[in-house]
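Below you'll find the structure, written out as structure tokens, and then a few comments.
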Amino acid sequence: MGEIQPEIYILNRDAEESARLNCQHDFLLEVYGNNLIHPSIPKSNIQSVADIATGTGIWLRDAATVLGMWNRNPSSPYYLHGFDISSAQFQPLPTQTNAEISLSLQNCLEPFSSEHHGRYDFVHVRLLIGALRKGEYELAIKNIFDILKPGGYFQWEETDMDSIESDISPQPPSLIEARRLLLSSLDKSDLYTKPAEHIKSEAKCIGFSNLHIVEYSSTTRPHLRDRSRAWLTRALQSVMPMAMIRLGKASEEDFGKEMAKELMAEFESECAEAIVGLNMDMVIGKKPERLESVL
Ligand SMILES: C[S@@+](CC[C@H](N)C(=O)[O-])C[C@H]1O[C@@H](n2cnc3c(N)ncnc32)[C@H](O)[C@@H]1O
């Protein structure tokens, strides 16, 4: 299996990046107070789950375990399906008793095949900020609407890149520079720097109800502050070479990597003792039970 079409995606898909995504998953879960699915979403009727842009499939792996704990009807198996535009990072999922788990290729901007329509009680999406152009969110949300059952929920988590900050005043020069490069490269590529409000308003137009955004700061919990610094540093290291290339500061990846390494070495030194992090925004919405009321 390979790529379906050329894309704007800003990250690599190598083993190092897969390891970073898996590590990031554990960290984000702690930032959310160990809630894989937000407490406002009813869990007892969740039997079928889709994870869009699943990456390595790490979120689904945890979902299979957590659903096993909530299930009131162990004789009825769950159905969990991860979708991604590329299979390059798919990792083998453990066999679960009472759960069928699949991973398959799917561009979230293309309609899903009819077997998936109205199939899912819950759809999860995380971190498409570096992959969807501003005008593409509507299409992705429409496709999520189509695969949800009436009464089903979605939860879409995105970073707020504008919120990158330290507790040092004035902000360290390397942090200012890294944030500036990141924000300009996203903007130049027609990507949002803080997609949550746009996701919410597009979802409203498409017909979702119960829409709200929950904001989490990666630095609120004191015991996570060292990990927040490490997480942000590693994420910036991943994204910065491409930012350099998109902004025309580096002509090829190796040169971009070298420039990014220098900037990030300064960042690590200037922020070594600082509290550094950013906000994650979680958008939640429900597909109405009675569709005729919105169509
Ligand atoms: C930053 S990773 C996040 C992976 C996973 N959601 C997580 O949080 O660990 C973004 C993922 O989106 C996928 N992706 C990019 N464009 C996509 C599209 N149009 N449709 C589906 N997946 C896409 C990438 O291949 C990548 O696996």
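The values are calculated or read from the model by the stated rules, or taken from the named source; none is laboratory data. Since the structure is predicted, the reported quantities are computational estimates derived from the model, not experimental observations. When we count neighbours, we look across all protein chains shown, and the Cβ atoms used for this are built from the backbone with ideal geometry, even at glycine.
Taken over region 19-34, the criterion of being surrounded by fewer than 17 Cβ atoms within 10 Å (Cβ to Cβ), more than 12 Å from the ligand (Cβ to nearest atom) and part of a helix (DSSP H, G or I) is satisfied by GLU30 alone. Here ALA260 meets the list (1) at pLDDT 95 or above; (2) closer than 17 Å to ILE176 by Cα; (3) of a type in the set (A, V, I, L, M) almost entirely, failing just condition (1). Condition check: over 28 Å from PHE267 (Cα atoms), away from the ligand (no atom under 13 Å from the Cβ) and buried (at least 22 other Cβ atoms within 10 Å of the Cβ). Does GLY118 satisfy that? In short, no.
Picking from residues in region 92-112 that are within 16 Å of the ligand (Cβ to nearest atom) and among the polar types (S, T, N, Q), the one that is farthest from ASP146 (Cα to Cα) is SER102. Exactly one residue out of ASP26, ASP62 is of a type in the set (Asp, Glu), under 16 Å from the mean Cα position of the chain (by Cα) and within 18 Å of THR159 (Cβ to Cβ): that is ASP26. Considering region 3-55 alone, what residues qualify as being modelled with pLDDT under 90 and within 17 Å of GLN91 (Cβ to Cβ)? Passing the criteria: LEU11, ASN12. Within this structure, ILE141 passes the test of being surrounded by 20 or more Cβ atoms within 10 Å (Cβ to Cβ), within 18 Å of the chain's Cα centre (by Cα) and of a type outside the set (Asp, Glu).
When restricted to residues that are in a loop (DSSP other than H, G, I, E, B) and either surrounded by 14 or more Cβ atoms within 10 Å (Cβ to Cβ) or basic (Lys, Arg) (or both), region 184-201 contains 5.
Checked against (1) in contact with a helix residue (DSSP H, G or I) (Cβ under 6 Å, 6 or more places away or on another chain); (2) away from the ligand (no atom under 11 Å from the Cβ); (3) under 24 Å from ILE10 (Cα atoms), LYS134 passes all but condition (1). When LEU278, LEU211, LEU224 are checked against the criterion of being surrounded by 15 or more Cβ atoms within 10 Å (Cβ to Cβ), in contact with a Gly (Cβ under 7 Å, 6 or more places away or on another chain) and within 20 Å of ASP160 (Cα to Cα), a single residue qualifies: LEU211. Looking at region 41-91, which of its residues are part of a strand (DSSP E or B), without any contact (Cβ under 8 Å) to a residue 40 or more places away in the chain and more than 16 Å from the ligand (Cβ to nearest atom)? Across region 41-91, the qualifying residue is only TYR78.
Among the residues of region 210-222, those that are in contact with a helix residue (DSSP H, G or I) (Cβ under 9 Å, 6 or more places away or on another chain) and at pLDDT 95 or above comprise LEU211, HIS212, ILE213, GLU215, TYR216, SER217, SER218, THR219.
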